[in-house]
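Note sheet for the following structure.
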Ligand code: ACO
């Protein structure tokens with residue numbers, strides 16, 4: 001057994017057998033954000049490509065969204081939840097510091113056997129968790145691993161900071177990786193971490209260095225901060241080089257790749273990646289216009305949409321590539337082996353079937369910031385009549401996530 005680059009392969013291959021996503025029904029458009037900070041739809045669209053993003057409702061959390069996406073991926077894989085051996089959940093917005101969000105998800109999806117833990121690598125988290133899952137499978141330690149990326153980022157944004165609050169949204173995506181000796185599946189991964197960028201995207205307070213205090217709250221230090229230009233520079237450089245390392249390790253060239261699923265941070269970053277790899281934009285899957293940057297959820301949401309909208313077929317070579325705080329970056333090259341039609345099975349997993357157990361003695365506050373709640377409560381109509389960033393992509397949602405289809409996610413009864 002050896003991989004394409006001749007290195008010995010130590011165990012079974014990890015194949016994606018299930019995929020799924022969940023987008024909360026609340027929609028925050030650029031026009032809405034104009035009521036919060038000094039910005040414009042024109043500025044946001046031209047600098048980022050983002051038109052709207054989803055906002056988790058008061059009763060939704062990173063765990064509840066991740067559990068729905070996870071249950072969908074398990075249904076698509078045709079498995080019983082108890083067949084999952086390991087649950088890995090990538091997030092930078094966990095429900096609690098402890099327990100892990102993965103532990104809450106395990107209970108919510110009805111699994112009694114799996115080891116469950118969170119993975120922290122910011123927007124690269126899903127790719128890092130995927131790589132960890134692959135290692136478990138290759139080592140023979142797990143047969144089926146559920147890998148989830150889930151984020152409630154709107155709860156950690158400063159809605160007085162126009163340079164960050166326009167960028168991010170909420171949601172979750174997941175895959176099931178299954179062990180198999182069949183050809184195809186995961187071909188190669190590449191992960192990098194560059195601590196020089198540690199303070200380029202960060203949440204200053206709430207950890208051991210700066211525990212919560214009235215001062216940290218007053219200074220907005222529990223919200224995400226970012227040096228946009230430095231991050232942009234890192235992203236455009238690293239996305240192409242990390243993807244290329246993974247592609248070459250798989251024994252391929254960029255032109256052999258049928259579809260890239262890049263982290264959905266900024267359309268200009270994705271265009272730079274395409275240019276860096278010498279590929280047309282048609283090879284890049286883009287849905288950031290409808291979701292913004294959902295951090296660790298970005299790649300698995302995009303993957304589920306790409307497969308369910310017919311952009312991926314058996315034998316296609318697909319590269320998922322991400323960058324994020326740390327600075328981190330990661331890429332994984334796969335040969336697709338699952339029947340895309342299995343995506344229809346996701347309809348068997350509905351949000352109403354997912355219940356995150358609440359603490360007995362906890363009267364939770366409304367987790368949505370008052371300024372954001374006021375804008376979301378404002379009457380419509382809110383619509384975005386401009387063209388899609390990429391032609392042929394699904395339509396935008398209306399304020400409640402209904403009406404115009406956001407196929408395939410809303411078609412599964414998210415609203
Ligand atoms: N609306 C209007 N004007 C704005 C806004 C806004 N929302 N935000 C910034 N500006 C202004 C700035 O104040 C500045 O004004 P000035 O020239 O008078 O000082 C001007 O616009 C230009 O600002 P820049 O920062 O140079 O704008 P830029 O073109 O770099 O775009 C952006 C900013 C979109 C943030 C870009 O730098 C970017 O996308 N960076 C990467 C961010 C990213 O991908 N982060 C995700 C990291 S993943 C993770 O792990 C969380």
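The values are calculated or read from the model by the stated rules, or taken from the named source; none is laboratory data. Keep in mind that this is a model prediction, so the values were computed, not measured. As a convention, Cβ positions derive from the backbone with ideal geometry for all residues, glycine included, and neighbour counts pool all protein chains shown.
Each residue in segment 19-51 was checked for being under 16 Å from the mean Cα position of the chain (by Cα) and farther than 13 Å from residue 172 by Cα, and 1 of them qualify.
Residue-wise test of (1) at pLDDT 85 or above; (2) in contact with a helix residue (DSSP H, G or I) (Cβ under 6 Å, 6 or more places away or on another chain); (3) within 30 Å of residue 284 (Cβ to Cβ); (4) crowded, with 18+ Cβ neighbours inside 10 Å.
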position: 327; (1), (2), (3), (4): yes, yes, yes, yes
position: 337; (1), (2), (3), (4): yes, no, yes, yes
position: 342; (1), (2), (3), (4): yes, yes, yes, no
position: 381; (1), (2), (3), (4): no, no, no, no
position: 386; (1), (2), (3), (4): no, no, yes, no
position: 394; (1), (2), (3), (4): no, no, yes, yes
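Tell me the residue from 237, 209 that is surrounded by fewer than 18 Cβ atoms within 10 Å (Cβ to Cβ), within 13 Å of the ligand (Cβ to nearest atom) and without any contact (Cβ under 8 Å) to a residue 12 or more places away in the chain, please.
Testing whether each residue is surrounded by fewer than 18 Cβ atoms within 10 Å (Cβ to Cβ), within 13 Å of the ligand (Cβ to nearest atom) and without any contact (Cβ under 8 Å) to a residue 12 or more places away in the chain leaves just 237.
With respect to (1) out of contact with any helix residue (DSSP H, G or I) (no Cβ under 8 Å at 6 or more places or on another chain); (2) modelled with pLDDT of 95 or more, the lone exception for residue 374 is condition (2).
Listed by position, the helices (runs of 4 or more DSSP H) inside segment 1-116 whose residues that are within 16 Å of the ligand (Cβ to nearest atom), within 30 Å of residue 310 (Cα to Cα) and without any contact (Cβ under 8 Å) to a residue 12 or more places away in the chain number at least 1 are 41-48. For segment 248-304, taking the residues that are over 22 Å from residue 336 (Cβ atoms) and surrounded by fewer than 20 Cβ atoms within 10 Å (Cβ to Cβ), the one that is farthest from the ligand (Cβ to nearest atom) is identified as 278.
Cβ separations smaller than 6 Å between residues 6+ apart or across chains give the following pairs from segment 144-167 residues that are touching a residue at least 40 places away in the same chain (Cβ under 8 Å) to residues that are in a helix (DSSP H, G or I) and surrounded by fewer than 24 Cβ atoms within 10 Å (Cβ to Cβ): 144/83; 145/136; 159/371; 159/372; 163/228; 166/33; 166/44.
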